[in-house]
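The values are calculated or read from the model by the stated rules, or taken from the named source; none is laboratory data. What you are looking at is a predicted structure, and each value in this text was computed from that prediction instead of being measured. Please note: Cβ atoms are built from the backbone with ideal geometry, for glycine as well, and neighbour counts cover all protein chains shown.
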Amino acid sequence: MCGIVGIVGKSPINQILYDALLVLQHRGQDAAGIVTSDSKKLHMRKDTGLARDVFRTRHMLRLRGNMGIGHVRYPTAGGSCSSEAQPFYVNSPYGIVLAHNGNLTNAEELKRDVFVDDLRHINTESDSEILLNVFAHELQLQNKLRIDEQDIFRAVEGVHRRCRGGYAAVAMIPGFGVFGFRDPHGIRPVVYGKRETEAGEEYIIASESVALDTIGFELIGDVAPGECVFIDREGHLHTKQCAPQPVLSPCIFEFVYFARPDSIIDNISVHKARSRMGKKLAAKIKRVWPGHDIDVVIPVPDTSRTAALQLANHLGVPYAEGFIKNRYIGRTFIMPGQQVRKKSVRQKLNAIDLEFRRKNVLLVDDSIVRGTTSQQIIQMARDAGARRVYFASAAPPVRYPNVYGIDMPSASELIAHARSEAEIERELGADRLFFQDLDDLIDAVQKRGKSLVDRFDTSVFDGIYVTGDVTPDYLEELERARSDGAKQERRSGQDETVIELYNTA
Ligand SMILES: O=P(O)(O)OC[C@H]1O[C@H](OP(=O)(O)OP(=O)(O)O)[C@H](O)[C@@H]1O
Ligand SMILES: NC(=O)CC[C@H](N)C(=O)O
Ligand SMILES: [Mg+2]
């Protein structure tokens, strides 16, 4: 997952772009970047690391101009090096910068077409550089010195014709404007909003509404699937549907784990969705184990808290915070590589023995993916003196790879892949294990009939990919190229020093 933001303001926007990236940091911890545009030039700073480390005062001073875009990255293509940090830049036509959240499933074919047909060179392994070049080519086809918003919309139509997979993107053309677009399935989230200033209206496009709240913008709504939202440099908003048959099918894992609970995606409050997940899970536990002997419900910080609290309430069992999280360690799931993830769980979470001693505890997490967290946390609960350790996941077992922007490329790394629930229970070392049913998860997120969303991408749970183009061959190739083992091998054979083409450090 990545976080994206674009702003057209009436005064310098470097600080609010930075503030927005800090609030989107939970979507990507590997790299960060900002590009601004003043009347003459683009100014770019991007590098690996957290936003607070990438942007020093000297960089901020140079990020001049009233419009710009930013990105925080969690790689799903290429590696973690700074040359693949975003935004990407291409100088023709007009100079375009782009930041992307998602993953293209036809990146290989596109890369070939971009070279052979469009005569463009791709310099990294990132699919986002391909997306930018496809857009640039489609815009070039308009063959104009001065473009208007209709040309942007036509180029986005071309992107939708050629690109497959998940993509929410923001882009900017210097002296012209900022725009955002979303793939025809709306897999990845992106919203837009505005605020009034004395000098006129300012607009923002961002991955999550929480970025708007915290920097003082008002939410207008989600970018619809297939839609393009364009803000010209004068601050006028133009929107157009650019896909012939858009079908909103957002990724359900955003609601389970990725998004912040204080965000609203596709008109659904993530907080409320997680609360309903807790309620549904309580009902299931009561159903399958009417005479349960759970003494206390303990969440695995952070993301599971919302669901765990409601689960405890509806189960009628006390809720206690038994694990303390080191606030200086980021999210472990989005760290690159299993070794670092494993080590980080223990560094990140520590048990308060008192809450466990001689009790039957139900530990609750939002999801079990590789099992890195649950395996260790169950052992920690035992070491802290728990009599019995039960475990509940607010999501169903994750059995299939993700191909739309979550770095879960390899089925064999998923603890639930090709295992029954009883086998997973044994593997994790839990005394009893409960998973949410998929129908209940969908109901919890969908608010049953009240939501705009008829369908979600639930591929990690059921192996059904909404874009319909994901073949066993594609998945096999993805596993070969991007499994933890393959990444490890690539890292060890590589000189990490980057010779940067675009970066003005
Ligand atoms: O089965 P696993 O492979 O361990 O993945 C699942 C775990 O990873 C995530 O936590 P993370 O530490 O990333 O973030 P959080 O603090 O937001 O919960 C998620 O909330 C689960 O706890
Ligand atoms: N998680 C994402 O959205 C990743 C964006 C892009 N595919 C990259 O790897 O940089
Ligand atoms: Mg967690």
Matching option when the condition is under 16 Å from the mean Cα position of the chain (by Cα) and not aliphatic (A, V, I, L, M), among ARG331, ARG287 = ARG331
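Quick grid of which residues meet (1) under 25 Å from GLU254 (Cβ atoms); (2) out of contact with any Pro (no Cβ under 6 Å at 6 or more places or on another chain):
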| residue | (1), (2) |
| --- | --- |
| LYS144 | no, yes |
| VAL159 | yes, yes |
| GLY165 | yes, yes |
| GLY177 | no, yes |
| PRO184 | yes, no |
| VAL190 | yes, yes |
| ILE205 | yes, yes |
| ALA211 | yes, yes |
May I ask you to list the residues in the range 432-461 that are at pLDDT 95 or above and surrounded by fewer than 12 Cβ atoms within 10 Å (Cβ to Cβ)?
-> ASP439
Within the range 111-133, residues within 15 Å of ligand 2 (Cβ to nearest atom), surrounded by fewer than 23 Cβ atoms within 10 Å (Cβ to Cβ) and hydrophobic (A, V, I, L, M, F, W, C) come out as ILE122
Of the criteria (1) of a type outside the set (D, E, K, R); (2) part of a loop (DSSP other than H, G, I, E, B); (3) touching a Ser or Thr at 6+ places or on another chain (Cβ under 8 Å); (4) under 30 Å from ASN360 (Cα atoms), which one ALA416 fails = (3)
Considering the range 19-38, residues that are surrounded by fewer than 24 Cβ atoms within 10 Å (Cβ to Cβ) and in a helix (DSSP H, G or I), and then whichever is farthest from ligand 2 (Cβ to nearest atom), we arrive at ASP19
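Listed here are the residues, each with its yes/no results for (1) modelled with pLDDT under 95; (2) in contact with an Asp or Glu (Cβ under 8 Å, 6 or more places away or on another chain).
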site: ASN143; (1), (2): yes, no
site: ARG161; (1), (2): no, no
site: GLY177; (1), (2): no, yes
site: LYS194; (1), (2): no, yes
site: TYR203; (1), (2): no, no
site: VAL210; (1), (2): no, yes
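Is it the case that ARG64 is in a loop (DSSP other than H, G, I, E, B) and more than 10 Å from ligand 2 (Cβ to nearest atom)?
Working: in a loop (DSSP other than H, G, I, E, B): yes; more than 10 Å from ligand 2 (Cβ to nearest atom): yes.
Taking the combined requirement at face value, the residue satisfies it.
Yes/no matrix, rows are residues, columns are (1) within 16 Å of ligand 3 (Cβ to nearest atom); (2) without any contact (Cβ under 8 Å) to a residue 24 or more places away in the chain; (3) over 30 Å from LEU248 (Cβ atoms):
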position: ASP262; (1), (2), (3): no, no, no
position: VAL270; (1), (2), (3): yes, yes, no
position: ILE294; (1), (2), (3): no, no, yes
position: VAL297; (1), (2), (3): yes, no, yes
position: ARG305; (1), (2), (3): yes, yes, no
position: ARG331; (1), (2), (3): yes, no, no
Scan the range 210-224 and give yes if some residue there is assigned to a strand (DSSP E or B), surrounded by 21 or more Cβ atoms within 10 Å (Cβ to Cβ) and more than 15 Å from the chain's Cα centre (by Cα), otherwise no.
-> yes
Please work out which one of (1) of a type in the set (Lys, Arg); (2) assigned to a helix (DSSP H, G or I); (3) closer than 22 Å to TYR404 by Cα is the condition ARG260 fails and give its number.
-> (2)
Could you please give the count of residues in the range 303-324 that are surrounded by 16 or more Cβ atoms within 10 Å (Cβ to Cβ), of a type in the set (Gly, Ala, Ser) and not in a helix (DSSP H, G or I)?
-> 3
Enumeration of residues in the range 352-382 that are touching a strand residue (DSSP E or B) at 6+ places or on another chain (Cβ under 7 Å) and either among the acidic types (Asp, Glu) or within 16 Å of ligand 2 (Cβ to nearest atom) (or both) | GLU355, ASP365
Expected single match for at pLDDT below 95 and over 21 Å from VAL256 (Cα atoms) among GLY493, GLY429 is GLY493
Which ones in the range 338-371 are β-branched (Val, Ile, Thr), within 28 Å of the chain's Cα centre (by Cα) and either crowded, with 22+ Cβ neighbours inside 10 Å or more than 11 Å from ligand 3 (Cβ to nearest atom) (or both)?
-> VAL340, VAL364, ILE368, VAL369
Select from the range 244-264 the residues that are more than 16 Å from ligand 1 (Cβ to nearest atom) and either touching a Ser or Thr at 6+ places or on another chain (Cβ under 8 Å) or closer than 16 Å to ARG188 by Cα (or both) and list them in ascending order.
-> PRO246, VAL247, LEU248, SER249, PRO250, ILE264
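Identify the residue in the range 225-257 that is of a type in the set (Asp, Glu) and outside any loop (DSSP other than H, G, I, E, B) and, among all such residues, is farthest from MET172 (Cα to Cα).
By that ranking, first place goes to GLU254.
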Check LYS41 against each of (1) within 16 Å of ligand 1 (Cβ to nearest atom); (2) surrounded by fewer than 17 Cβ atoms within 10 Å (Cβ to Cβ) and name the one condition it does not meet.
-> (1)
If a residue has to be touching a residue at least 24 places away in the same chain (Cβ under 8 Å) and either part of a loop (DSSP other than H, G, I, E, B) or over 26 Å from the mean Cα position of the chain (by Cα) (or both) to count, how many in the range 41-58 make the cut?
-> 4
If we keep just the residues of the range 46-76 that are within 25 Å of ARG482 (Cα to Cα) and among the hydroxyl-bearing types (Ser, Thr, Tyr), which is surrounded by the fewest Cβ atoms within 10 Å (Cβ to Cβ)?
-> THR48
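For the range 164-183, enumerate the residues that are outside any strand (DSSP E or B) and crowded, with 24+ Cβ neighbours inside 10 Å.
Within the range 164-183, the subset outside any strand (DSSP E or B) is 164, 174-176, 183.
Correct list: ASP183 only.
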Taking first residues from the range 217-234 that are farther than 16 Å from ILE147 by Cα and touching a residue at least 24 places away in the same chain (Cβ under 8 Å) and second residues anywhere that are assigned to a loop (DSSP other than H, G, I, E, B) and of a type in the set (Ser, Thr, Tyr), the pairs with Cβ under 8 Å that are 6 or more apart or on different chains are PRO225/SER249
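When you check ARG162 against the structure, is it free of Cβ contacts under 8 Å to residues at least 60 places away in the same chain, over 29 Å from ARG341 (Cβ atoms), touching a Phe, Trp or Tyr at 6+ places or on another chain (Cβ under 8 Å) and basic (Lys, Arg), yes or no? Before you say what the answer is, go through the steps one by one.
Working: free of Cβ contacts under 8 Å to residues at least 60 places away in the same chain: yes; over 29 Å from ARG341 (Cβ atoms): yes; touching a Phe, Trp or Tyr at 6+ places or on another chain (Cβ under 8 Å): no; basic (Lys, Arg): yes.
No, not satisfied.
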